[in-house]
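Data first, discussion second: the structure below is written as structure tokens.
The values are calculated or read from the model by the stated rules, or taken from the named source; none is laboratory data. Because the structure is predicted, anything quoted here is derived from the model rather than measured. When we count neighbours, we look across all protein chains shown, and the Cβ atoms used for this are built from the backbone with ideal geometry, even at glycine. Just the protein is used for accessible areas: all its heavy atoms, side chains included, with ligands, DNA and RNA removed. Shrake-Rupley method; radii C 1.70, N 1.55, O 1.52, S 1.80 Å.
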Amino acid sequence: MEKRIVTFFAVFLFSYTLFSQRDSTIIRKEYVTTRTLQSPKIDGVLDDVTWQNVAAITDFKQNSPTYGVPTYLPTEIKIVYDNTAIYIAAMMYDTAPDSIAKQLGNRDDDLNSDQFQIKFDTYNTQQDAFVFGLYASGVQIDNRFSDGLYNAVWESAVKINEKGWSIEMKIPYSALRFPNSDIQLWGMQMIRATKRNGKFDQWALTPKGEANFYKYWGLLRGLENIKEPIRLSLTPYITASTSHYPANTAGQKNYTKNITGGMDLKFGINESFTVDATLLPDFSQVQSDNVVKNLSAFEVTYSEQRPFFQESTDLFQKGDLFYSRRIGRRPTQYYNVYEDISKKETILKNPDQAKLLNATKVSGRTPGGLGIGLLNAVLDNTYAIERDSMGNEHKVLTEPFSNYNIIVLDQQLKNSSSVYLINTNVNRNNGYNNADVTGAGFSLNNKKSTYKVFGQAAVSNVFSKTDTIQNQYTDLFGYKYDVNVEKISGRFQFVLYRSGINQTFNNNDMGITRETNFINNGFGVKYAQFEPRGNFLNSVIVLNINQNENFTTHRMNSLEINLNYNATFRSFYGLYFSASARPFEQIDYYEPRTPGRIFVRTPGFFVLGGMNSDSRKRFTFGVNCFGGSTALISPTIGYNPYYGITLSPSFRVNDKLSFALSCDMMKDDGDRGYVNKDVNGNIIFGKRIVHNVTNVLSARYLFRNNLSLSIRGRHYWSRADYVSFYNLSDDGHLIDNISYDQNHDFNFNAFNVDMVFQWQFAPGSYMTFNWKNSIYNEGNVVINSYSNNFSNTLQAKQLNTLSLKVLYYLDYLYLVKKHEK
């Protein structure tokens, strides 16, 4: 262990010495803005006196499809500022204004619309930037490169006229972070995308394939004597909801009603740091999870849908130690309630989410480039409620009072390099496990940003309460590490990597740890075509070879070879292909679900190919076909293929109404996996014929940019017939078991409907009406007809929930100005 830590830091020190110089050979464009005494009216009409006699930016160049050529259509930008905001006026000239793409949508959507973006690297560190943009339809775009879900409150307007389309933007200083300095120097980039011809123009050209694009950006000068305003906003909310679930149990209500309230707070401690807090949060209106039938040895993870845990979490992702769904997850004793209950008891309530009381984030970055992040979340005791035959009710603790903490330090260095330290900590009451994980890492680029050395390591401690000695704990220590050497720029790139994790590393209290006790060694190469050639606009091919071995014994677990290719035609159709092969047997330590046992998987292969049509068209489609086998050559197992297809058509009726459908079908003729243990302790495996079908239909109508109606329905159907059973031998191979006759067939359905009507009635303020329908149904009788299965699913018990949420954004500066008036 000590040797690996010394090696890790030796690599860091050598790399830092080698790569610490900054590239000073690039000449950056500049624009000097001016202070205005009269702020413009934000209406998209560029006739304000503010814009008169202001120098304009006109020297855009085309980046794609052909790099560096003159732009197809001219663009003109003007920028001014005052004591409260920075203002942007842009005129996108167009010879065919009636052909400007202008699809309506919700904020930050990917739309079939022309767009303009302006990007500010306010600290000029070439590490991060704020992005503000507008579609020609008036829909706003905003994010940070380090936080794709960043949302600010700012003003904008768009007008389409006989010359093209024009915009005005007002970005208040409260939406930005910048140094506390009398004279500001910001990195700046502007882009224009014209949808119908696929042209992408830039003010400051960035070479294709360049890793550190920031260093090519221009500079914004002229900002002087601007002050960071008081950044304080409150967003109180109130939610009223009613649910119906046909419990059909005496004494248990089918209808429930609930009214809740809470508040989000955002406060700028100074020009660099912000506090985000949520009190009694309500996440009832987030989109339903894409639930699946899990046959693997590992838990299923789902994407984060809760806004508080989506936004401003970039710092907390360092080291891959944080899985936000751990906070407020399904209680750890949730299923035990059903297993432990007697026949004379009835479960009245068993919450499937732990009760989150509050959560707070403090994050920001100093002018010297030191990022600091703190996150704390507090969960209350969560109880199930049972009733016995005498009518007495009692509570069962399913998740204790818990405190989740993260602290992270991330120091930016030259050439987009950085070094970080992170700690995660979980403390629980009532004798539950506590955990502590600490990680550190570095990412170092050379001065031309062509090569990178990356390394990170983490140690974990899980503290388990000793049964015999009160308030005494035993601890389990583990560690992991990763080291990469990469070429990150240019048409040809490569990576060499090694990662390892010992048998006792455990990050599952606040993160995700699946496999342990392995070492990965790998090599990857990539070659890209950036410029149009023949029928292709661009293409890329990637080859990767990965060898996995046991951390303790160094026995090879697997060898896998992967080849990927994708390309875009001049017609804007996309083509992709992927193939992978496992030429040798694979040692699986997890499928037996028993420590010390293994399952030997036979060699196999996988191929995938697909095509996407031109997304500019009203009707688009995608098709994806795949196939493979879990056994190449095996006298006892034979050839067992799996295959499937995905179809994804979509239709844009007009700029307001659109539909999208995704149909996914898969069949596995020879899946072999763990079933259970028999009375003699033998590990039983089964061969199952698995069919999975997933259909997702969504529709959206935009009355206008701030008023929308969307609906999404998803039906997932998984069924399996077990055709034979085996005993798992001590050496990991399967032996026929003709006497085992238990029924493990299953027919699982998950059906969800999410309908959302949303009205943004004021900046940052929303009223949302939500309807959710959920059905989860499973049996051991397989239904082979889709129509019969779907009909049977709709007849099952279903949960319907209606909720109305009103969220109002209150800004301190706005309230002060209103009071003064």
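Show me, for segment 367-383, the HN-Hα J-couplings you get by feeding each phi into the Karplus relation (A = 6.51, B = -1.76, C = 1.60, θ = phi - 60°), rounded to Hz, glycine and proline as x.
x, x, x, 8, x, 10, x, 10, 9, 9, 9, 10, 10, 7, 4, 10, 10
Per the helix-only calculation at 222 nm, which mean residue ellipticity applies to the chain, given -39500 (n - 2.57) for every DSSP H run of n ≥ 4 and division by its residues, nearest 500 deg cm²/dmol?
Result for the chain: -1500 deg cm²/dmol, rounded to the nearest 500.
Summarise the accessible area of the chain (1.4 Å probe, protein heavy atoms) by the percent that is carbon and sulfur.
Roughly 56 percent of what the probe reaches on the chain is carbon or sulfur.
Explain nothing, just the number: dipole magnitude of the chain about its Cα centre with +1 on each Lys and Arg Cβ and -1 on each Asp and Glu Cβ, in debye rounded to the nearest 20.
In total the dipole reaches around 1340 debye.
So, by mean Cβ neighbours within 10 angstrom, what's the order for 398-411, 486-499 with the highest one leading?
By packing density, highest mean first, the sequence is 398-411, 486-499.
³J(HN,Hα) across segment 289-296 via Karplus (A = 6.51, B = -1.76, C = 1.60, θ = phi - 60°), whole Hz, x for Gly/Pro?
Each residue of segment 289-296 in turn: 5, 7, 5, 9, 7, 9, 9, 8 Hz.
Please give me, ordered by residue number, the trypsin sites (Lys or Arg not before Pro) of segment 344-416 that lie in loop per DSSP and have at most 15 other Cβ atoms within 10 Å.
Answer by residue number: Lys344.
So who's got an amide H within less than 5 Å of the one on Ser724, skipping anything under 5 residues away but keeping other chains? H placed 1.01 Å off N, in plane.
Lys687
Give the label of the value calculated from the structure for percent of Cα pairs over 36 Å apart, choosing from (i) 47; (ii) 52; (iii) 56.
The value computed from this structure is option (iii).
Under a straight-distance cross-link criterion of Cα-Cα below 22 Å, which lysines are reachable from Lys257, leaving out those fewer than 8 residues away in the same chain?
Lys349, Lys355, Lys395, Lys772, Lys797, Lys805
Under the rule of at least 5 residues apart or a separate chain, name every residue whose amide H is placed under 5 Å from the amide H of Met510.
Correct list: empty.
If you place +1 on the Cβ of every Lys and Arg, -1 on the Cβ of every Asp and Glu, and leave all else neutral, what size is the dipole of segment 272-313 about its Cα centre, to the nearest 20 Debye?
Using Cβ point charges on Lys, Arg, Asp and Glu, segment 272-313 gives about 140 debye.
Tell me the GluC sites (Glu not before Pro) within segment 109-171 that lie in a loop according to DSSP and have at most 11 other beta-carbon atoms within 10 Å.
Passing both the DSSP loop test and the Cβ count: Glu162.
Amide H neighbours of Gly164 under 5 Å, counting only residues 5+ apart in sequence or on other chains, H built in-plane at 1.01 Å?
Correct list: Asp94.
For segment 290-344, run through the chymotrypsin sites (Phe, Trp or Tyr not before Pro) and keep only the ones in DSSP coil with at most 14 other Cβ atoms within 10 Å of their Cβ.
Phe298, Tyr302
By average Cβ neighbour count within 10 Å, what is the ranking of 547-555, 369-377 from highest down?
Ranking, from highest mean packing down: 369-377, 547-555.
Ranking request for peptides 590-597, 798-805: highest mean number of other beta-carbon atoms within 10 Å first, then the rest in descending order.
In decreasing order of mean packing, 590-597, 798-805 become 798-805, 590-597.
In the full protein assembly as shown, how much of Val462 is accessible to a 1.4 Å probe, in Å² to the nearest 10?
Estimated to the nearest 10 Å², Val462 gives 10 Å².
³J(HN,Hα) across segment 402-411 via Karplus (A = 6.51, B = -1.76, C = 1.60, θ = phi - 60°), whole Hz, x for Gly/Pro?
9, 10, 10, 9, 9, 10, 9, 10, 9, 9
State, as an integer percentage, the relative contact order of the chain based on alpha-carbon contacts under 8 Å between residues 6 or more apart.
Taking the mean separation of contacting Cα pairs over the length of the chain, I get 9 percent.
Leaving out ligands and nucleic acids, note down the accessible area per residue over segment 358-462 with a 1.4 angstrom probe, in whole Å².
Per-residue accessible area for segment 358-462 comes out at 36 Å².
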